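The values are calculated or read from the model by the stated rules, or taken from the named source; none is laboratory data. Keep in mind that what you see is a predicted model, and the values were worked out from it rather than measured. Heavy atoms of the whole protein, side chains included, go into the accessibility calculation; ligands, DNA and RNA do not. Shrake-Rupley method; radii C 1.70, N 1.55, O 1.52, S 1.80 Å.
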Amino acid sequence: PQNNQDTTFVYAIKKSPISSFATDLELMIYSITDSTIIINQDTSNIVVPGENYKYNISVQNKGPYQADSVKLTHTLPDSVKFISATITPVSFVDDKLIWEFDFIEPAKAVEIEVDVKLSEAVPKSLPELLSEAEIFAKNDSTLNNNRVEDIVTVKFKEPPPLKQQLNLSIRQIAISDT
């Protein structure tokens, strides 16, 4: 360069939206019923109208840092009534249970067992019960393992067999020896 001239390079560094304290929460849910059924080589939990059953929900921090401001939502299926949970939800509105945790430490898990009851009056148009759960944390960097579903099959009671009406007629024939 000539006198009084210089070249300067300016670099803009874009900060990643994931902080250095990012972590990874993993969510799992499975139902626990008294009975199972095998359909096309797939095992499915089944429940009879009026029967109690459970959901086990597990939130595990698989990341290196604590998960902050954690919110867990579990949506119950139609015709399913909430009875209790091992950790009381902070809110229960419109079949939606909500838990909030200030943090979950690295390599730790929160386990919740939810007791529910299927209504006696469940409509026959509802052969499967879809339950959904979702987790959110302020610093969770991996979102593809934050939403899960579980399906329970409804086994409706068999109606009693129809009584068959039979028309019987008795005919007597007398045969004499003579």
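For region 55-178, report the accessible area per residue in Å² (1.4 Å probe, heavy atoms, rounded to an integer). Don't skip to the answer; put the middle values down first.
Numbers: 8580 Å² over 124 residues.
Roughly 69 Å² per residue, with all protein chains present.
How large is the accessible surface of E120 in square angstrom, using a 1.4 angstrom probe and rounding to the nearest 10?
Around 130 Å² of this residue is reachable by solvent.
In the full protein assembly as shown, how much of S125 is accessible to a 1.4 Å probe, in Å² to the nearest 10?
100 Å²
By accessible area of protein heavy atoms, probe 1.4 Å, what ranking do D68, D42, D177, D102 get, highest first? If you can, show how the numbers build up before the last one.
Working: D68 45, D42 100, D177 160, D102 130 Å².
Ranked list, largest accessible area first: D177, D102, D42, D68.
When the accessible area of the chain is split by element with a 1.4 Å probe, what percent falls to carbon and sulfur?
Numbers: 6680 of 13040 Å².
The computed percentage sits at 51.
Which of P106, P77, P160 ends up with the largest GNM mean-square fluctuation for the chain, with Cα atoms connected below 10 Å?
Among P106, P77, P160, the largest mean-square fluctuation in the Gaussian network model of the chain belongs to P160.
Among V110, V152, V80, which one moves the most in a GNM of the chain with springs linking Cα atoms closer than 10 Å?
Greatest mean-square fluctuation among the candidates belongs to V110.
Could you tell me, in Å, what Rg and Dmax come out for the Cα atoms of region 71-178?
Just the Cα atoms of region 71-178 yield Rg and Dmax of 27.9, 108 Å.
Quick check: residue separation of D34 and E51 times 0.36 nm, minus the Cα distance between them. What number comes out in nm? Don't skip to the answer; put the middle values down first.
Working: separation 17, 0.36 × 17 = 6.12 nm, distance 0.90 nm.
Length difference between fully extended and current span is 5.2 nm.
Below 17 Å, Cα to Cα, which aspartates and glutamates can K117 reach? Residues fewer than 8 away in the same chain don't count.
Reachable aspartates and glutamates: D34, E51, D78, D94, D95, E128, E132, D150.
If you stretched the chain out fully between S141 and D68, how much longer would it get, using 0.36 nm times the residue separation minus the C-alpha to C-alpha distance?
Details: separation 73, 0.36 × 73 = 26.28 nm, distance 1.17 nm.
Extending this stretch completely gives an extra 25.1 nm.
Quick one: length gained pulling D115 to T43 fully straight, 0.36 nm per residue minus the C-alpha distance?
Details: separation 72, 0.36 × 72 = 25.92 nm, distance 2.15 nm.
My answer for the length gained is 23.8 nm.
Keeping every protein chain in place, order Y55, Y30, Y65 by accessible area at 1.4 Å, biggest value first, i.e. largest first. Mind dumping the intermediate values first?
Working: Y55 0, Y30 115, Y65 90 Å².
Accessible-area ranking of Y55, Y30, Y65, largest first: Y30, Y65, Y55.
Which whole-number percentage describes the relative contact order of region 79-119, with Cα contacts under 8 Å and a sequence gap of 6 or more?
Numbers: 46 pairs, mean separation 24.4, N = 41.
So the answer I get is 59 percent.
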